[in-house]
Amino acid sequence: MIGLISGTSEGKEILSLLNKYTGNILVSTATEYGGELLKTYKYKLLNNKPLDVQEMKKLFKDNNVNILIDASHPYAVEVSKNSMKICEELNIEYIRYERESVIDKFLNEDRIIEVSSYEELYEKLKNLQGTILNTTGSRNLDRILSLGLNNRIIHRVLPSLKVMEECYALGVKLDDLIAIKGPISYELNRAFIKEYNAKGILLKDSGPEGGTEEKIKAALDEGIYVFVIDRKKINYNKVFYNKNELVNYIINLSKI
């Protein structure tokens, strides 16, 4: 059976391409929302909750997964590390689908500041005056809030009930929330920056599909600072950046 860890929009696209050949696929997402997006696709089994190492290993072993496509988010480092470890232990062919980086296009821009950790982010932000627009996602809310910044921070998050409850539990004010599904256009990014008079934007290098380029261009055109949390580097044995090439490799490998 083919296993697919789907943590990005491309996971859905990879599944769609695979469905032209087979439905013998185990799909794993980290959220119920991710599972909802796959309702119309063909697969044998769907997991829609986070798994630890042992749970993931049992899932793959019990369902005889022999090829695993890791299309998790570029920042879901632990998911990739765990899945590579399990694949090595169970003799599963591990294949990574990786979104291409966007930030390399803008390395000469003075207003773009890259940081490798939240501690470094604090050092860069502590002297910034004014509102900050945070687009790093709800899973990083507690880390942003724990920085103890005096700035007003507007958090852009998914419009799901679970995320709203998490925001409420963390004490985020309703006035400081933008609940909207991304990716967001260049024009709308500029509008949010203007509306809140933001002086800086926090983001991840989530690739072209994650709307990173639109965020950066909007911020630069509005003359504000861009703070980018770097991706952690992982050495993959086999990695694809093109969905069609990946699926063709899988089809030839599995002889479907």
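Results, tabulated for the structure shown:
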{"quantity": "Restricting segment 27-48 to residues that are within 22 Å of the chain's Cα centre (by Cα) and within 21 Å of residue 94 (Cβ to Cβ), the residue that is surrounded by the most Cβ atoms within 10 Å (Cβ to Cβ)", "calculated": "28"}
{"quantity": "Residue ID - nearest to the chain's Cα centre (by Cα), chosen from residues in segment 90-111 that are part of a helix (DSSP H, G or I) and among the hydrophobic types (A, V, I, L, M, F, W, C)", "calculated": "103"}
{"quantity": "From the options 78, 114, residue that is in a strand (DSSP E or B) and within 28 Å of residue 167 (Cα to Cα)", "calculated": "114"}
{"quantity": "Matching residues, segment 187-212, being among the polar types (S, T, N, Q), at pLDDT 95 or above and open to solvent by less than 20 Å² (accessible area, probe 1.4 Å)", "calculated": "189"}
{"quantity": "Qualifying residues in segment 124-151 (those that are at pLDDT below 90 and of a type outside the set (Ser, Thr, Tyr)) - the one most open to solvent (accessible area, probe 1.4 Å)", "calculated": "139"}
{"quantity": "Single residue of segment 125-157 satisfying the filter (assigned to a strand (DSSP E or B) and β-branched (Val, Ile, Thr)) that is farthest from residue 194 (Cα to Cα)", "calculated": "157"}
{"quantity": "Any hit, segment 238-252, residues being under 20 Å from the mean Cα position of the chain (by Cα), among the acidic types (Asp, Glu) and surrounded by fewer than 20 Cβ atoms within 10 Å (Cβ to Cβ)", "calculated": "no"}
{"quantity": "Check on residue 215, surrounded by fewer than 20 Cβ atoms within 10 Å (Cβ to Cβ) and in contact (Cβ under 8 Å) with a residue 60 or more places away in the chain", "calculated": "no"}
{"quantity": "Qualifying position, being over 21 Å from residue 34 (Cβ atoms), modelled with pLDDT under 95 and crowded, with 18+ Cβ neighbours inside 10 Å, among 154, 103, 184", "calculated": "103"}
{"quantity": "Condition broken by residue 117, with the remaining ones in (1) among the polar types (S, T, N, Q); (2) surrounded by 15 or more Cβ atoms within 10 Å (Cβ to Cβ); (3) within 19 Å of the chain's Cα centre (by Cα) satisfied", "calculated": "(2)"}
{"quantity": "Matching residues in segment 150-165 - criterion: being touching a helix residue (DSSP H, G or I) at 6+ places or on another chain (Cβ under 6 Å) and in contact (Cβ under 8 Å) with a residue 24 or more places away in the chain", "calculated": "154, 160, 163"}
{"quantity": "Selection count, segment 49-85, where residues are crowded, with 16+ Cβ neighbours inside 10 Å and out of contact with any strand residue (DSSP E or B) (no Cβ under 8 Å at 6 or more places or on another chain)", "calculated": "4"}
{"quantity": "Helices (runs of 4 or more DSSP H) wholly inside segment 1-67 that include at least 3 residues being modelled with pLDDT of 95 or more", "calculated": "9-18, 53-62"}
{"quantity": "Cβ-Cβ under 6 Å pairs, at least 6 apart or on other chains, segment 74-91 side touching a residue at least 60 places away in the same chain (Cβ under 8 Å) and more than 15 Å from residue 233 (Cα to Cα), far side of a type outside the set (Phe, Trp, Tyr) and open to solvent by less than 50 Å² (accessible area, probe 1.4 Å)", "calculated": "83/70"}
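The values are calculated or read from the model by the stated rules, or taken from the named source; none is laboratory data. The model shown is predicted, which means the values in this text are computed figures rather than measured ones. FYI the Cβ positions are ideal-geometry reconstructions off the backbone, even for glycines, and counts take in every protein chain you see. Just the protein is used for accessible areas: all its heavy atoms, side chains included, with ligands, DNA and RNA removed. Shrake-Rupley method; radii C 1.70, N 1.55, O 1.52, S 1.80 Å.
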